[in-house]
Amino acid sequence: MSFRNLLLISFGAMLTAVVSCRDKDGDINIFSIQDDLTFGAQVSAEFEKDSALVVLDSASYTTQYAYLYQIRNQILNSGQIVYKNEFPWRIRIIRDDSVLNAFCTPGGYIYFYTGILKYLESEDQLAGVMGHEMAHADKRHSTDAMTREFGLSVLFDIVFGRNQGQLARIVAGLKQLQYSREAESEADDYSVSYLCPTMLDAAGAAGFFEKLLATGSGTNVPQFLSTHPSPENRVQRIIDRKSTLGCTGTNKNIAAYAAFKKILP
């Protein structure tokens, strides 16, 4: 076989491998959906092993979790979640009022700190933040960002059960994971799309940004909100998208959210 033909065969095999890694949106991702699920479960388990972490037991805090899950279900039923049935979309509350953060692992494990739950002022704001985080998992931004942060070989080793000692390092960086400008903008866009079919104000995430702008960013602003694009630009983008999509929901459910906050520990 000539060297030219060998190159052509090798190039063809590479193209086949790349095409096979396209997800449901047609985007190329070197990880499979099963890899996202496996990796997300591993990261979630490692994260919750931290003895300093207080994760509220879902069996003991049934009312609090039921409230969050009914918001999650509205998002899942929007018809916009690509991996609605493939990912578990499990929610956990972390008791720490000093941390203003929420994040979602690959594969759909969602975490809220009590700090951010108590900072938010309405149900639409909560839904906007939740939708933003779910979009990162559903659009598979998490594995893209982690690949840039930790390297492809490290992630593959963990997925395939090798080099498990790196899990702690990845978990430590997960809460401050930096997404690209495009990923943040896409997550903002989908937070509106998810809420558009509901009775909630689809621009709920904008309310959160507006509060940050009004009160000052401080030192505890979550990474997903403190980086590019700027909060000012994101507020306008979210409002514009709500208008473009013709979303008609106006409910903020401030009283219901205030009642929820009162029962948080």
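Just so it is clear, none of the values below were taken in a lab; they were calculated from the coordinates. This is a predicted model, so every value here is computed, not measured. Note: ideal-geometry Cβ built from the backbone for every residue, glycine included; neighbour counts use all protein chains shown.
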Item to check | Among 89, 44, 102 - extreme Cα towards positive end, dipole of region 28-134, charges at beta-carbon | outcome: 89
Item to check | FRET efficiency, 1/(1 + (r/R0)^6) with R0 25 Å, evaluated for residue 178 and residue 77 via beta carbons | outcome: 0.20
Checklist outcome for this item: Highest mean packing first, using Cβ neighbours within 10 angstrom, the peptides 129-135, 184-190 sort as 129-135, 184-190
Checklist entry - Going by average Cβ neighbours within 10 Å, how do the peptides 197-203, 243-249 rank, with the highest at the top? => result 197-203, 243-249
Next on the checklist: Longer than 24 Å from Cα to Cα, which of 211/242; 211/261; 49/211; 49/261; 139/242 are they? Say none if no pair is.
Outcome noted: 49/211; 49/261
Checklist entry - What list of ³J(HN,Hα) values in whole Hz, one per residue of region 231-240 in order, does the Karplus curve 6.51 cos²θ - 1.76 cosθ + 1.60 (θ = phi - 60°) give from phi, with Gly and Pro shown as x? => result x, 4, 5, 6, 4, 5, 4, 5, 5, 5
Checklist outcome for this item: The FRET efficiency for residue 62 and residue 97, from their Cβ-Cβ distance with R0 = 30 Å and rounded to 0.05, is 0.90
Checklist outcome for this item: In Å, the C-alpha Rg and Dmax of region 76-123 are 12.5, 35
